[in-house]
Amino acid sequence: MDFNLSEEQQLLKDSVDRFVLDDYDFEKRRKTSNSDDGFSRDNWKTFAELGWLAVGLPEEYGGFGGPVETMIVMEAIGRGLVTEPYLPTVVLGAGLVAEAGTDAQKEAILGAVAEGSCMLAFGYAEPTSRFNLADVSTTAEKKGDGYVLNGHKSVVYGAAAADKIIVSARTSGGVRDKDGISLFIIDNNCKGLTRRDYPTADGLRASEVEMENVEVGADALLGTEGAALPVIEKVVDQGIAALCAEAVGCMEMLKDETNEYLKTRKQFGVPIGKFQVLQHRMVDCFIELEQSRSMTYMVTLKLDEDEKERRKAASSAKAQIGKGGVFIGAQSVQMHGGMGMTDELKISHYYKRLMQIDTMFGNRDWHLKQFAALTQ
Amino acid sequence: MDFNLSEEQQLLKDSVDRFVLDDYDFEKRRKTSNSDDGFSRDNWKTFAELGWLAVGLPEEYGGFGGPVETMIVMEAIGRGLVTEPYLPTVVLGAGLVAEAGTDAQKEAILGAVAEGSCMLAFGYAEPTSRFNLADVSTTAEKKGDGYVLNGHKSVVYGAAAADKIIVSARTSGGVRDKDGISLFIIDNNCKGLTRRDYPTADGLRASEVEMENVEVGADALLGTEGAALPVIEKVVDQGIAALCAEAVGCMEMLKDETNEYLKTRKQFGVPIGKFQVLQHRMVDCFIELEQSRSMTYMVTLKLDEDEKERRKAASSAKAQIGKGGVFIGAQSVQMHGGMGMTDELKISHYYKRLMQIDTMFGNRDWHLKQFAALTQ
Amino acid sequence: MDLAFSPDEQAFRAEVRTFLEAELPDDLRHKVRQRQELEREDYLRWQRILHARGWIAGSWPKEYGGCDWTPAQRHIFDEECHAADAPPLLPFGLQMVGPVIFTFGRPDQKEFFLPRLLSGEHWWCQGYSEPGSGSDLASLQTAAVRDGDDYIINGQKIWTSLAHHADWIFCLVRTRKEGKHQEGISFLLIDMKTPGITVRPLILMDQGHHVNEVFFENVRVPVANRIGEENRGWTYAKFLLGNERAGIAEVAWNKKLLQRLKEMAADTPASGDRLLDDAVFSRKVAETEVKLTALEYCNLRILAAMQEGSPPGGEASMLKLLGSEVTQAITELTVEALGYYAAPYELADRTPGSNWSPVGPEAAEGVMGQHLFMRAITIAGGSSEVQKNIIAKMVLGL
Amino acid sequence: MDLAFSPDEQAFRAEVRTFLEAELPDDLRHKVRQRQELEREDYLRWQRILHARGWIAGSWPKEYGGCDWTPAQRHIFDEECHAADAPPLLPFGLQMVGPVIFTFGRPDQKEFFLPRLLSGEHWWCQGYSEPGSGSDLASLQTAAVRDGDDYIINGQKIWTSLAHHADWIFCLVRTRKEGKHQEGISFLLIDMKTPGITVRPLILMDQGHHVNEVFFENVRVPVANRIGEENRGWTYAKFLLGNERAGIAEVAWNKKLLQRLKEMAADTPASGDRLLDDAVFSRKVAETEVKLTALEYCNLRILAAMQEGSPPGGEASMLKLLGSEVTQAITELTVEALGYYAAPYELADRTPGSNWSPVGPEAAEGVMGQHLFMRAITIAGGSSEVQKNIIAKMVLGL
């Protein structure tokens, strides 16, 4: 039992932390977030140069590290509220290809991801699916060697910037059947695909992706036809672990900023941190953070266990992070008073991100239900 | 809209309050609770003399007043943590007879209740029914003019002292059918009835009541055969309103005692009521009490509305009272520190009663579910 | 004890309802229902309609143009207005400065300000908070120095709601530095067009422009614009804060929000079921509705007491606390009901006349924005922490 | 980073498990499982079995008869013992006064007390709290006045757990009235048979006799029974309180309680369903299990840090807070699972040898009693409020 980073991991951590500290101050982040793309392609190039886009990819395609390295990068992303679409591209997109791709697909995509020349997005949700990954109405019908796709994917983060979008589609079975789901890699500019792009409340970019008779070749199929759900679940659990780390980064930043504010802001002649109610509230925030960090370690280190253990780990971690994040976010706003309400201070931006994190990949209610089913 | 008591109601309130204050101090209550019966027959006689056992009964049988008068008595019972089985006898037992009884049954029972010579109990729960009043496994089979009863009624408050026990039993239909439930009035000493009597955690008395081939005449049937559920639900809602008032009495006593303790108990050189965290906790208690009182007025004044409104009122009030009572109880213990843990101080006794009140007639979860179903 | 409203009150309710059906414009109704931001003219249109009917100032005495309604009538009026999706009436003039003027003002002040306030000619804003004085309001620093018949004002106010729309601002200013904080404050009425006043927008986390900073640089205000005596402004301010709390529970509005949440949850597909049929979600809705019911009856009890002449004391703080908690619970659940569709946030495209439509379901419009803005209600107007301090002191004697 | 225990640690776990299977008496196992109150002899039997195996003092150095286990080993031992329903080891001797004696005691004190403590010959209790000093422990008043080679003790202790079983008591007493509270306290070891000591039961709300008042009336204690220096007792007391917090999260015990709750909920009929299938109940169980999991990994992180030599600081307060909250959540849910069968409470009939059986399901035994007694864990050993004060100060610097 050991919670220390290896030397290489520590070096990676130093590097991402330094980037966020030196090159990602909040005003720069605001400009980046408000730009057309919502992120900076220069930063993306930097990420590639520093090797971060190769984290967690298979070594034979230039990758290095695993879940712990992803955690390190994602925590820094959380601290900096980084808007570059790292999660959609590296964790989800490349994760799916690494998990299920043919050699040819891996060859074509993973190296390009690592060197920053290929961005990815993953469309798994639909307007009526809510959080159920197996609820897929989008259809992919066989046509010749290839497939024709029809359907609507909701709130696909990073879709506008992506070169390729991976979508789940049903090749057989009923709408909520676990079998019959397949994954397809689709070029973003292909015929029949339309996007409505929009900013999100947390300052990122997402899209509605609609497919009307999108024709793809056989090589667009990712993994075994009809057997994609376990792959999706595994990669989404990896996404959950990464998201937990991002949340911990956000929470830690809020905890530090708010604690500092309590020490400096004066009312009634004393720092407001002298008021016991705020002290105890701050303690509650600290404890939520520690619990969230512990659960993030736990899920990160359990991603390679068997399916049931992995899913228990992911659902319990996500449930904790969702609650802890929204609590710390809301309390940080409250303890900052009016200033916490402003767009100017970073506080509210972290709160907004933590709210979305609670929802992403299924909210606290969803994951408590999964966890209950897994532990009965 | 008017939340004032009438002059007669105020007189009743003065009378019950005075009794609790003068004749029911905590040491007397402790002795009474620890006695064999768990209550005092002398007190019961006093209740009769002062007319409290006639509250809510029909005027033609010597009764007076209605829900507001019952609320007044029950609130005082809560303040004094009175152990005499008022709820089982007057609210539930007499309530059922008044609601569904024949003239002969009312004649025989209600006057006797009012004058203190007849005590009642109501067995509605069974080992597998949890909180569902319609879940009745006890059977009543027709035999000649009468019936033969078999079954097990759980946790029947006041059964040991009761002259007659009213039980629900199934005359037709499946175990959880809404139709087919009937009520029977059974003599406590009849053949085939066995009781296991026990004290309860809140210092009252209850019993397991088992019936093995208990034979009763046709006159034991209370109300229309097979149509008892609406009667039971109505009288249980009256019981809920009464219980809410008792809970408010308990909460108010705890609020007063704990607030006083905060002002007098010193630690670190100051009264502990100077610590902001305890101040705010006490405010939370105060607010729970105010909400509970408001909901008690609401349900009391809505008992005569149509079934849906009445049930909504009862379930919402019970849900609030269950939460508020347990919160105030637990926090009063916590704020009293070690002393709150003792059997010696009254604090823990009120907490224990409030815990049982949350469970009685269905706990908070149950009533939130009912309320949700009624308000969708 | 009796829950029923009197026949007269019930007749009044019918009258209000008929009026709203006839007079509330559909486009305003739609904007409110869709949680869209109201523009200056939207507020004013509705104010003029009510003014024409003589119903703009329910609580004011008749002699000043009010209706002199009982607390129950005001409650009924509020309920009906919210049920009909009428725009809210802003409190700054009608509830805040108006009663201060007719209670403490000179006859000429009453004559000049009150009719213009009621008609909407004067839009008022409130200059209380300062950067250094949030919960500790009495520590305010904006200085008013006497110079002949004028005061010269220097300083800064913050969180000034809708100051960018306002014609007049009522301000607490410091006219004496010595002694207790509370005893050196005066209450001034200031024309927003006076030279030296600068209004700067403060954008909130919903990216909306609701509040402002207001800077005063050598602003010259006639002493005649002072309310009451110099250095006694704290008294008037406290009076005003008391008025601010009437109706603070926002029961009727919360009921409306809750009803919309339930409608939305009934329309929201959740992988085969309706979201409202989910046991855990429907329980959370039920919990909130029970809390709102408790608040409603707490409010009615206090209303009944006011009807009999007892002014609300620390209990008003309880209503503010509970009301804001209920509102936040509802807006949180409403965001939660949207699932992934809580994410899209396209304020930038919502220019009037565009063919913008919300991403996701129609009911998603404005939900996240409202939720984010509503984080302020446990901070503004005395934070929840301050309200609890007040109850602890005033009600519990701790 | 790695969650796995080392091969050695895994072998140790197997060894403990085998030992428990062989040596833990069935009747003790049953009593623990059924939440029955343990008698003095029950504790002692188990202590003697462990003592015989050399496993009575996991954390103590070998030279004093301990095992010198690593934090991980102690954790494993705890987990296995709780999983097997072994009786708890009382902390008063083994965790509290023992380490004080071997750290600060004289050689003769070590030689006399430590072996007797380990063997169970001496049952220890703790004389810290007084009626006037709860959270504010340092304000204690029990006076020790020097008289030749003795101190004369007068005063009163309260909340003294199992003092009615105890042979010895370690006490904080006041040896100087002047100066700071903390600087006039000494640490004494007192034979409970000394004349002038009276133990009076304090019955708690579960009607159990767990704690006592201990009165001292001119009790003569040899100065030789003092630990360390006069007036430096606070130092030793703080050392002890630090030790008291190790293992305070009670993860293994909480896991056991949770497992039993789930078993019970699976066996509980709820009008046609199993209670565990109720969406709301199972969610509450899941919430609690998630919280317990978070606690478990917080505990493991702190354990790993201790393994590397960092003593637990304010984090121990966090473990105490969370652990007690989890326990209370579990016992509340367990009571809730019983439904109406939470009411019967028949302590009086439970004399050994009677054919008493619980009213309602077998699993109902002891549930309410345990819940009521567990209300104390957020009060005793530093209340939750005090723990939060500690974290605010020590960790957050507020």
Could you pull out the residue among D:T288, D:T235 that is surrounded by 20 or more Cβ atoms within 10 Å (Cβ to Cβ), among the hydroxyl-bearing types (S, T, Y) and either assigned to a helix (DSSP H, G or I) or out of contact with any strand residue (DSSP E or B) (no Cβ under 8 Å at 6 or more places or on another chain) (or both)?
-> D:T288
When both residues are 6+ apart or on different chains and their Cβ atoms are under 6 Å apart, which pairs have a first residue that lies in region C:322-347 and is in the same structural domain as C:I379 (by TED's automatic domain parsing) and farther than 16 Å from A:Y351 by Cα, and a second that is in a loop (DSSP other than H, G, I, E, B) and of a type in the set (G, A, S)?
-> C:G323/C:A249; C:Y340/A:A125; C:Y341/C:G360
Search result, residues across region A:43-72 that are touching a strand residue (DSSP E or B) at 6+ places or on another chain (Cβ under 6 Å) and surrounded by fewer than 23 Cβ atoms within 10 Å (Cβ to Cβ) = A:G65
Within region B:355-376, which residues are more than 23 Å from B:L92 (Cα to Cα) and β-branched (V, I, T)?
-> B:T375
Out of (1) farther than 26 Å from A:Q279 by Cβ; (2) within 14 Å of chain B (Cβ to nearest Cβ); (3) without any contact (Cβ under 8 Å) to a residue 60 or more places away in the chain, the odd one out for C:L319 is which?
-> (3)
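Residue by residue through region D:103-157, note down the ones that are more than 19 Å from D:I56 (Cα to Cα), assigned to a loop (DSSP other than H, G, I, E, B) and among the small types (G, A, S). Write out each step before concluding.
Step one: of region D:103-157, the residues more than 19 Å from D:I56 (Cα to Cα) are D:104-109, D:126-157.
From what is left, the residues that are assigned to a loop (DSSP other than H, G, I, E, B) are D:105-106, D:128-129, D:131-132, D:134-136, D:140-142, D:148-149.
Those that are more than 19 Å from D:I56 (Cα to Cα), assigned to a loop (DSSP other than H, G, I, E, B) and among the small types (G, A, S): D:G105, D:S129, D:G132, D:G134, D:S135, D:G148.
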State whether one or more residues within region D:309-316 are among the hydrophobic types (A, V, I, L, M, F, W, C), over 22 Å from B:G338 (Cβ atoms) and either buried (at least 22 other Cβ atoms within 10 Å of the Cβ) or at pLDDT 95 or above (or both).
-> no
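For region B:313-333, enumerate the residues that are surrounded by fewer than 24 Cβ atoms within 10 Å (Cβ to Cβ) and in contact (Cβ under 8 Å) with a residue 40 or more places away in the chain.
Here is the first cut: in region B:313-333, the residues surrounded by fewer than 24 Cβ atoms within 10 Å (Cβ to Cβ) are B:323, B:326-327, B:330-331.
Residues satisfying the conditions are B:K323, B:F327, B:Q331.
Out of everything in region B:239-294 that is part of a helix (DSSP H, G or I) and among the β-branched types (V, I, T), what residue ends up being nearest to B:L87 (Cα to Cα)? Full working, then the answer.
Of the residues in region B:239-294, the ones part of a helix (DSSP H, G or I) are B:239-264, B:272-274, B:276-294.
Then drop every residue that is not among the β-branched types (V, I, T), which leaves B:240, B:248, B:258, B:264, B:272, B:277, B:283, B:287.
Numbers: B:I240: 10, B:V248: 15, B:T258: 27, B:T264: 36, B:I272: 38, B:V277: 38, B:V283: 31, B:I287: 27 Å.
Within region B:239-294, the match that is nearest to B:L87 (Cα to Cα) is B:I240.
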Per the filter on region A:162-194, residues within 30 Å of C:L372 (Cβ to Cβ) and either among the small types (G, A, S) or surrounded by fewer than 19 Cβ atoms within 10 Å (Cβ to Cβ) (or both) are A:A162, A:T194
Since B:D358 meets every condition but one in (1) within 11 Å of chain D (Cβ to nearest Cβ); (2) out of contact with any helix residue (DSSP H, G or I) (no Cβ under 7 Å at 6 or more places or on another chain); (3) among the charged types (D, E, K, R), which condition does it not meet?
-> (2)
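Restricting the search to region D:192-232, which residues are in a loop (DSSP other than H, G, I, E, B), away from chain B (no Cβ under 14 Å) and not β-branched (V, I, T)? Walk me through it before giving the result.
To start, the set of residues in region D:192-232 that are in a loop (DSSP other than H, G, I, E, B) comprises D:192-196, D:203, D:205-210, D:228-231.
Add one more test, that the residue is away from chain B (no Cβ under 14 Å), and what stays is D:192-196, D:228-231.
Matches in region D:192-232: D:M192, D:K193, D:P195, D:G196, D:G228, D:E229, D:E230, D:N231.
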Exclusive hit being in a helix (DSSP H, G or I) and surrounded by fewer than 19 Cβ atoms within 10 Å (Cβ to Cβ), set C:K320, C:K393 = C:K393
Looking at region D:291-313, is at least one residue over 23 Å from D:N254 (Cα atoms), without any contact (Cβ under 8 Å) to a residue 12 or more places away in the chain and within 10 Å of chain A (Cβ to nearest Cβ)?
-> yes
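Does C:I56 satisfy being outside any helix (DSSP H, G or I) and touching a residue at least 40 places away in the same chain (Cβ under 8 Å)?
Values: outside any helix (DSSP H, G or I): yes; touching a residue at least 40 places away in the same chain (Cβ under 8 Å): yes.
Yes; evaluated as a whole, the condition is true for this residue.
Quick one: how many residues across region B:196-214 are among the basic types (K, R), touching a residue at least 24 places away in the same chain (Cβ under 8 Å) and surrounded by fewer than 19 Cβ atoms within 10 Å (Cβ to Cβ)?
Residues of region B:196-214 that are among the basic types (K, R), as a first pass: B:196, B:205.
With touching a residue at least 24 places away in the same chain (Cβ under 8 Å) added as a condition, the list becomes B:205.
Still in the list and also surrounded by fewer than 19 Cβ atoms within 10 Å (Cβ to Cβ): none.
Counting residues in region B:196-214 that are among the basic types (K, R), touching a residue at least 24 places away in the same chain (Cβ under 8 Å) and surrounded by fewer than 19 Cβ atoms within 10 Å (Cβ to Cβ) gives 0.
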Given the conditions (1) surrounded by 19 or more Cβ atoms within 10 Å (Cβ to Cβ); (2) more than 14 Å from chain D (Cβ to nearest Cβ), report the number of the one that B:G273 does not fulfil.
-> (2)
Restricting to region C:359-388, what's the tally of residues that are part of a loop (DSSP other than H, G, I, E, B) and more than 10 Å from chain A (Cβ to nearest Cβ)?
-> 4
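Go through the residues of region B:363-376 one by one and say whether even a single one is away from chain D (no Cβ under 14 Å), polar (S, T, N, Q) and not in a helix (DSSP H, G or I).
To start, the set of residues in region B:363-376 that are away from chain D (no Cβ under 14 Å) comprises B:374-376.
Keeping just the survivors that are polar (S, T, N, Q) gives B:375-376.
Filter again for not in a helix (DSSP H, G or I), leaving B:376.
Scanning region B:363-376, I find at least one residue that is away from chain D (no Cβ under 14 Å), polar (S, T, N, Q) and not in a helix (DSSP H, G or I), so the answer is yes.
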Take C:V97 and decide whether it is of a type in the set (V, I, T), within 21 Å of the chain's Cα centre (by Cα) and at pLDDT 95 or above.
-> yes
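Considering B:L110, B:L87, B:L92, which residue is buried (at least 21 other Cβ atoms within 10 Å of the Cβ), outside the structural domain of B:E210 (by TED's automatic domain parsing) and under 30 Å from D:R274 (Cβ atoms)?
Working: B:L110 fails: under 30 Å from D:R274 (Cβ atoms); B:L87 fails: under 30 Å from D:R274 (Cβ atoms).
One residue alone meets the criteria, B:L92.
Going through region A:2-20 one residue at a time, which ones are away from chain D (no Cβ under 14 Å), of a type outside the set (D, E, K, R) and in contact (Cβ under 8 Å) with a residue 24 or more places away in the chain? Please lay out each step first, then the result.
Within region A:2-20, the first condition is being away from chain D (no Cβ under 14 Å), and the residues that meet it are A:11, A:14-20.
Those still in the list that are of a type outside the set (D, E, K, R) too: A:11, A:15-16, A:19-20.
Passing the criteria: A:S15, A:V16, A:F19, A:V20.
Check C:R260, C:R283, C:R274 and return the single one that is more than 14 Å from chain A (Cβ to nearest Cβ) and among the charged types (D, E, K, R). If you could, list the steps in order and put the result at the bottom.
Details: C:R283 fails: more than 14 Å from chain A (Cβ to nearest Cβ); C:R274 fails: more than 14 Å from chain A (Cβ to nearest Cβ).
Going through C:R260, C:R283, C:R274 in turn, just one is more than 14 Å from chain A (Cβ to nearest Cβ) and among the charged types (D, E, K, R): C:R260.
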Result of the Cβ filter at 7 Å on region A:130-141, keeping first residues that are on the phi > 0 side of the Ramachandran plot and at the interface with chain C (Cβ under 7 Å from one of its Cβ atoms) and partners that are among the hydrophobic types (A, V, I, L, M, F, W, C) and buried (at least 21 other Cβ atoms within 10 Å of the Cβ), at least 6 apart or interchain, is A:R130/C:A270
Which of (1) surrounded by fewer than 16 Cβ atoms within 10 Å (Cβ to Cβ); (2) closer than 30 Å to B:L301 by Cα does C:R33 not meet, given it meets every other one?
-> (2)
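The values are calculated or read from the model by the stated rules, or taken from the named source; none is laboratory data. What you see is a predicted model, and the numbers here were worked out from it, not measured in a lab. Don't worry about glycine lacking a Cβ; one is built from the backbone with ideal geometry, like all the others, and counts go over all protein chains shown.
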